[in-house]
Amino acid sequence: MMSRPGCTPWKQRAPFTVMSIGFARHQYSHTLMQAEVIPSYDLSRGDSLAAPIRLLRCNTASETDGNYNSAEPHRHNYHEIFYFIKGGGWHDIDFRRFPIEDHAIHFVNPGQVHLMRRAPDSHGFIILFTSDFYMLDLHNRERSSPMWFLMHSTPRPALTVAQPERTILLDTIRLMEEEFNGGGAHREQLLHSYLHVLLLHSLRLFERLESIETLEDASHTLVNRLRSLIEENYITVHAPREYAEMLCVSQNHLNNTTRRMIGRTIGDLVHERIILEAQRLLFHTAMSVKEIAFRLNYDDPSYFTRFFRKHTGVAPHEFREAARKKHH
């Protein structure tokens, strides 16, 4: 990576916690901020571990989990992995609907808006964890970079697992469950290791499905760091040049890297993230186009409307009408 002299590289955020839950068993703290219009939920903080993990079986079709309704649009500040042993129903993740099939694994990342309707006899496991729990130290931060399906808006968040991977994944989850329910020494480290094994096997499945070749570590890390920065700053920072400066690389180098790795420019990624948030607000809230434009840091609603139409092919109000008609 081409760094500029005297530039302090972008830093990873400090570690945080991990959890895993079953429906209607654990409480969440509802953190609906004054500026937030789509419900967002934090993990509860009741475990004696510094970085708790909770893994429970999902054996009920109840859509109400703790203090919120999982069948209504909402988002979390953590990752969720759903492994359905017995399927049935559907799962909406950011305007895309995925059937809940037998032995399907679904990934929902922080900030994504989702809702779920499960069949009465569906069951399986749910694992909740925060990014920083997985990235406990620098070594894990480095080796986690290829986990592109843990990025905010992955192109394929769900897949059906066949043998022999089905047995491997279920055995790993059950080892996690056994360790979670036990109280032995090194519990947190073992749970962390099992999670890493589960994610590595998931990565192998995604790569096989998409025929993705192993990418250069430095370039892949750079693109993932860019995606993380965009996720944190897309409302206030729109200029590609500023993201290159945050990463201490030239704009040309960063653009060339993103084109080569994922076929898109810095500007493409920023615009895609803004459009996604605009679509969420149009579909899930009653905010006016003007209010949404201001929320996304556009002072001129007319310019925002032209920007939205350019990238989606329709005006914001047309998207709202079509999306609501389709989903309701």
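The values are calculated or read from the model by the stated rules, or taken from the named source; none is laboratory data. All values reported here derive from a predicted model rather than from experimental measurement. Note: ideal-geometry Cβ built from the backbone for every residue, glycine included; neighbour counts use all protein chains shown.
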Condition set at pLDDT below 80 and not in a loop (DSSP other than H, G, I, E, B), scope the stretch 55-85, selection surrounded by the most Cβ atoms within 10 Å (Cβ to Cβ): answer is Asp65
Residue hits (the stretch 258-286; in contact (Cβ under 8 Å) with a residue 60 or more places away in the chain and either crowded, with 16+ Cβ neighbours inside 10 Å or small (Gly, Ala, Ser) (or both)) are Arg273, Leu276, Gln279, Arg280, Leu281, Phe283, His284
Just a yes or no: is a residue in the stretch 237-255 touching a helix residue (DSSP H, G or I) at 6+ places or on another chain (Cβ under 8 Å), under 23 Å from Ile93 (Cα atoms), in a helix (DSSP H, G or I) and not basic (Lys, Arg)?
no
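Okay, residues lined up against (1) without any contact (Cβ under 8 Å) to a residue 60 or more places away in the chain; (2) surrounded by fewer than 16 Cβ atoms within 10 Å (Cβ to Cβ); (3) not in a helix (DSSP H, G or I):
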position: Arg156; (1), (2), (3): yes, yes, yes
position: Thr167; (1), (2), (3): yes, yes, no
position: Ile173; (1), (2), (3): no, no, no
position: Glu178; (1), (2), (3): yes, yes, no
position: Gly184; (1), (2), (3): yes, yes, yes
position: Leu190; (1), (2), (3): yes, no, no
position: Ser193; (1), (2), (3): yes, yes, no
position: Leu200; (1), (2), (3): yes, yes, no
position: Leu203; (1), (2), (3): yes, no, no
Test: Arg241 is modelled with pLDDT under 95, out of contact with any Cys (no Cβ under 6 Å at 6 or more places or on another chain) and of a type in the set (Lys, Arg)
no
Has the stretch 292-305 got at least one residue that is free of Cβ contacts under 8 Å to residues at least 24 places away in the same chain and among the basic types (Lys, Arg)?
no
Extreme residue, modelled with the lowest pLDDT, among residues of the stretch 94-149 that are part of a loop (DSSP other than H, G, I, E, B) and of a type in the set (Ser, Thr, Tyr):
Ser145
Just to be sure before I move on: is Ile230 within 20 Å of Pro157 (Cβ to Cβ), hydrophobic (A, V, I, L, M, F, W, C), touching a helix residue (DSSP H, G or I) at 6+ places or on another chain (Cβ under 9 Å) and at pLDDT below 85 in the structure I sent?
no
Residue list for the stretch 308-317, filter: touching a residue at least 12 places away in the same chain (Cβ under 8 Å) and of a type in the set (A, V, I, L, M, F, W, C)
Phe308
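Each row is one residue, and each column tells you yes or no for (1) of a type outside the set (D, E, K, R); (2) modelled with pLDDT under 90; (3) not assigned by TED's automatic domain parsing to the domain that holds Ile266.
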| position | (1), (2), (3) |
| --- | --- |
| Pro155 | yes, yes, yes |
| Arg174 | no, no, yes |
| Glu177 | no, no, yes |
| Ser202 | yes, no, yes |
| Leu226 | yes, no, no |
| Tyr234 | yes, no, no |
State whether one or more residues within the stretch 274-290 are under 18 Å from Val223 (Cβ atoms), of a type outside the set (Lys, Arg) and either at pLDDT 95 or above or touching a Ser or Thr at 6+ places or on another chain (Cβ under 7 Å) (or both).
yes
